[in-house]
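Comments concern the structure below.
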Amino acid sequence: MDELDKIRAEALALVAQAASLEALEAARVATLGKKGSISGLMASLGKMSPEERKTAGAALNAVKDQVAEAIAAAKAGQEAKALEEKLARERVDVTLPVRPEASGRIHPISQVMDEMIAIFAQMGFEVAEGPDIEDDFHNFTALNIPAEHPARQMHDTFYFGEKADGTRHLLRTHTSPVQIRTMLANKPPIRIIAPGRTYRCDSDMTHTPMFHQIEGLVIDKTTHMGHLKGCLMEFVTTFFEVDEVPVRFRPSFFPFTEPSAEVDIGCSREGGELKIGKGSGWLEIGGSGMVHPNVLRACGLDPDEYQGFAFGMGVERMAMLKYGIPDLRTFFDSDLRWLKHYGFVPLDVPTLSGGLTR
Ligand code: DAH
């Protein structure tokens, strides 16, 4: 009996000391396992007399049960502890504040381009694109500006180095070459706008070497100057979000249009504040006209069959007028304070149904 007490004490001590599930399993094997201390005693029962076996067996079974219970209790404790630890590790503090609102802003140029695209898209125009690096043919010749034409000097072109065949690539001086590319690649009817970067070697208060234009082109068999006027008048009132904006077409000259007109919109300058809409003043916003027969011919279209209009506007100028941005050069200063002030919230995409500016 002394021995049984000793084995029980040892077994319970082993269980009590087990600090992990693995240690507990080792304690179980050492006591109740096939070769464990208690199982060893069980085997010795066979050598006893029946009476001895009865009492010894009952006592042994009691010890066995006691140790098994201790192991089960310890195991449950260990498992609960492991779960607690896991929960503590994976704890999420739901009271933490949500992330602050994104602080990036959409540049006014991008915003205004998106607004212009939304308006013209509603009228059925598609967006067309062309390369910033152009050749002479698309930027000048096909637009009815031949080699010695004075308009070439006016454009202050950035040229690349001369190639073996004497030609030079250039940075496009306007978005009009996209007209040419579109007419060469597509059959009329054509109705496109081409927003993008343009370049001229010019830098002062009102000029930056890189700026943006948006070009428009409509070609079919019946489009006339009345359509051009209607289209731009509709555009201007929608863009400036003002009920009435007077539009004036002033006779002008562009090599690629005939007749040509500069487009002015009404404004007032009362009290030194510029307001778009009815007033005594006029502001120029772009050039336009009926596509010149030579341009159609350069693109393989018969001017006796096809006709249409084109227009071009400066995006910076439209942004300055609409949002009261006084200095052109600030557009490209990369000043975050300026962008925070004049920029737009990223997810407020301009649409005609949802509002251009919210
Ligand atoms: N390409 C002209 C410029 O950059 C702008 C322009 C004027 C485009 C008249 C046109 C147009 O399509 O018809 O100065």
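The values are calculated or read from the model by the stated rules, or taken from the named source; none is laboratory data. Just so you know, these numbers come straight off a predicted model, no measurement behind them. Using ideal geometry, Cβ is built from the backbone for each residue, glycine included, and neighbour counts are taken over all protein chains shown. Note: accessible area is taken over every heavy atom of the protein model, side chains too, but ligands, DNA and RNA are not part of it. Shrake-Rupley method; radii C 1.70, N 1.55, O 1.52, S 1.80 Å.
Rolling a 1.4 Å sphere over the protein heavy atoms, what is the accessible area per residue of the stretch 2-88, to the nearest Å²?
Spelled out: the 1.4 Å probe surface of the stretch 2-88, per residue, equals 65 Å².
How large is the charge dipole for the chain, taken about the Cα centre, if only the Cβ atoms of Lys, Arg (+1) and Asp, Glu (-1) carry charge, to the nearest 20 debye?
1180 debye
How large is the charge dipole for the stretch 2-88, taken about the Cα centre, if only the Cβ atoms of Lys, Arg (+1) and Asp, Glu (-1) carry charge, to the nearest 20 debye?
Result for the stretch 2-88 is approximately 280 debye, rounded to the nearest 20.
Can you give the % of DSSP beta bridges in the chain that are antiparallel, to the nearest 5?
So the antiparallel bridges in the chain amount to around 95 percent.
Can you tell which of Arg248, Arg337, Arg200 shows the greatest fluctuation in a Gaussian network model of the chain with Cα springs below 10 Å?
Arg337
Can you pick out the pairs among Lys47/Lys75; Lys35/Lys86; Lys229/Lys275; Lys34/Lys86; Lys35/Lys64 whose Cα atoms lie more than 24 Å from each other?
Lys47/Lys75; Lys35/Lys86; Lys34/Lys86
For the stretch 262-332, with all protein chains present and a 1.4 Å probe, just round the carbon and sulfur fraction of the accessible area to a whole percent.
Answer for the stretch 262-332 is 46 percent, counting heavy atoms of protein chains only.
Return, ordered by residue number, the residues of the stretch 101-123 whose backbone nitrogen is under 20 Å from a label point located 7 Å along Cα→Cβ of Thr351.
106, 110-123
For the peptides 211-218, 229-236, 249-256, what is the packing order when you average, over each peptide's residues, the other Cβ atoms within 10 Å and list the highest mean first?
Descending packing order for the listed peptides: 211-218, 229-236, 249-256.
Rg and Dmax of the chain, using alpha carbons, in Å: what are they?
Calculated on Cα positions, Rg and Dmax stand at 42.7, 131 Å.
In a Gaussian network model over the chain where Cα atoms closer than 10 Å are linked, find which of Asp220, Asp156, Asp93 has the largest mean-square fluctuation.
Asp93
Quote the relative contact order of the chain in percent (integer), defining contacts as alpha-carbon pairs under 8 Å separated by 6+ residues.
About 16 percent, as a whole number.
Roughly how many Å is it from the Cα centre of the stretch 222-289 to that of the stretch 96-111, as a whole number?
Here the two parts' Cα centres lie 34 Å apart.
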